[in-house]
1. Check whether at least one residue in the range 161-172 is loosely packed, with under 13 Cβ neighbours inside 10 Å and closer than 30 Å to residue 47 by Cα, and report yes or no.
2. Any residue at all in the range 176-190 that is more than 30 Å from residue 62 (Cβ to Cβ), over 19 Å from the mean Cα position of the chain (by Cα) and modelled with pLDDT under 95?
3. Need a quick list: helices (runs of 4 or more DSSP H) entirely within the range 37-150 having at least 2 residues that are touching a strand residue (DSSP E or B) at 6+ places or on another chain (Cβ under 6 Å).
4. How many residues are surrounded by fewer than 19 Cβ atoms within 10 Å (Cβ to Cβ), in contact with a helix residue (DSSP H, G or I) (Cβ under 8 Å, 6 or more places away or on another chain) and either of a type in the set (A, V, I, L, M) or within 12 Å of residue 121 (Cα to Cα) (or both) if we restrict to the range 228-242?
5. Might you let me know whether the range 2-21 holds any residue that is hydrophobic (A, V, I, L, M, F, W, C), buried (at least 16 other Cβ atoms within 10 Å of the Cβ) and over 20 Å from residue 165 (Cβ atoms)?
6. Return the pair list, or none, for Cβ contacts closer than 8 Å from residues in the range 192-209 that are of a type in the set (Phe, Trp, Tyr) to residues that are part of a loop (DSSP other than H, G, I, E, B), at least 6 apart or on different chains.
7. Those residues that are surrounded by 24 or more Cβ atoms within 10 Å (Cβ to Cβ) and under 20 Å from residue 247 (Cβ atoms), I need them from the range 25-36; list them, please.
Amino acid sequence: MGTTAGAGGVHFVQHGAGRPVLVLHGAGVDHRETEACFEPAFAGAADLRRVYPDLPGMGATAAPESLRGADDVLDLLLEFADAVTGGVPYLLAGHSAGAYLARAMAARRPERVAGLALVCPLLPGARDVPAHGVVAGSGDLGDDGFRGYFVVQTPEMLDRYERFVAPAAALADAAALARIGERWDLTPDGSPSYPGPTVVVAGRRDSTVGYAAAVDLLGEHPRASLAVLDDAGHALPHEQPALLRALLAEWLERVERAG
């Protein structure tokens, strides 16, 4: 494993060797959450170099005043991808806001992206977002952050929250995130949706972004598989690890067949 700083001062960790896989986390956390969820999901997949960056204003990546909105973050991530992949076609995955950015990256540079995985994606036009509810557990564990994020509220999930999610809060640059959040809508540039092997995974109980807008992506991405998982909310990568691993394995098979 290595920890270093890449293009634009983006901090990241990486594991393994081979084709790069960039995995982008959501808002308010850092690379530790996606690393904790996607490393087991990629277990057994050979020849992959898994790269987990901290997005600007989170973890160990600063967000200078020059970053004024999502368009600037997107440009920075495209530069970062060029720097860490060395021109090799790479895989791209994201959770929540990370999926929003990953989808835009793939649309802008489809020739550079070998496959796209979107997990609980934040999308424009979210609708029919269900009320938050508990599907497992007593509902009285942990703090408000845990209870509002997880629908599977067991001691195991609380341990994951306390180890991989909550510690990032102290590192977040609240002022920078507020500044970028004011211009969070990406400017359309006319690029069509990414046409390569895609998997979309949504939680039926996701009270943050819902699942209805994710279902719409099936009609926009011509090579997309779609799964909506019951008993999973926005913390789906924690709550349904076996299903996530199976879905990513099938996606990787399709990527290989596509060359």
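1. Yes: the range 161-172 contains one or more residues that are loosely packed, with under 13 Cβ neighbours inside 10 Å and closer than 30 Å to residue 47 by Cα.
2. Step one: of the range 176-190, the residues more than 30 Å from residue 62 (Cβ to Cβ) are 190.
Subsequent filtering for residues that are over 19 Å from the mean Cα position of the chain (by Cα) retains 190.
Of the ones still in play, those that are also modelled with pLDDT under 95 are 190.
Scanning the range 176-190 turns up at least one residue that is more than 30 Å from residue 62 (Cβ to Cβ), over 19 Å from the mean Cα position of the chain (by Cα) and modelled with pLDDT under 95.
3. 70-85, 97-108
4. Of the residues in the range 228-242, the ones surrounded by fewer than 19 Cβ atoms within 10 Å (Cβ to Cβ) are 228, 230-231, 241-242.
Restricting the remaining residues to those that are in contact with a helix residue (DSSP H, G or I) (Cβ under 8 Å, 6 or more places away or on another chain) gives 228, 231, 241.
Filter once more, so that each one left must be either of a type in the set (A, V, I, L, M) or within 12 Å of residue 121 (Cα to Cα) (or both): 228.
Of the residues in that region, 1 qualify.
5. Let us first name the residues in the range 2-21 that are hydrophobic (A, V, I, L, M, F, W, C), namely 5, 7, 10, 12-13, 17, 21.
Now restrict to residues that are buried (at least 16 other Cβ atoms within 10 Å of the Cβ): 10, 12-13, 21.
The next check asks that each one be over 20 Å from residue 165 (Cβ atoms); those that pass are 10, 21.
Taking every residue of the range 2-21 in turn, at least one turns out to be hydrophobic (A, V, I, L, M, F, W, C), buried (at least 16 other Cβ atoms within 10 Å of the Cβ) and over 20 Å from residue 165 (Cβ atoms).
6. Correct list of pairs: 194/221.
7. Within the range 25-36, 25, 26, 33, 34 meet the criteria.
Residues checked against (1) within 30 Å of residue 79 (Cα to Cα); (2) surrounded by 21 or more Cβ atoms within 10 Å (Cβ to Cβ); (3) more than 22 Å from the chain's Cα centre (by Cα):
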site	(1), (2), (3)
121	yes, yes, no
125	yes, no, no
128	no, no, no
134	no, no, yes
143	no, no, yes
146	no, no, no
155	no, no, yes
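The values are calculated or read from the model by the stated rules, or taken from the named source; none is laboratory data. A quick note: this is a predicted structure, and the numbers were derived from the prediction, not measured. Virtual Cβ from ideal backbone geometry, glycine too; neighbours counted across all protein chains shown.
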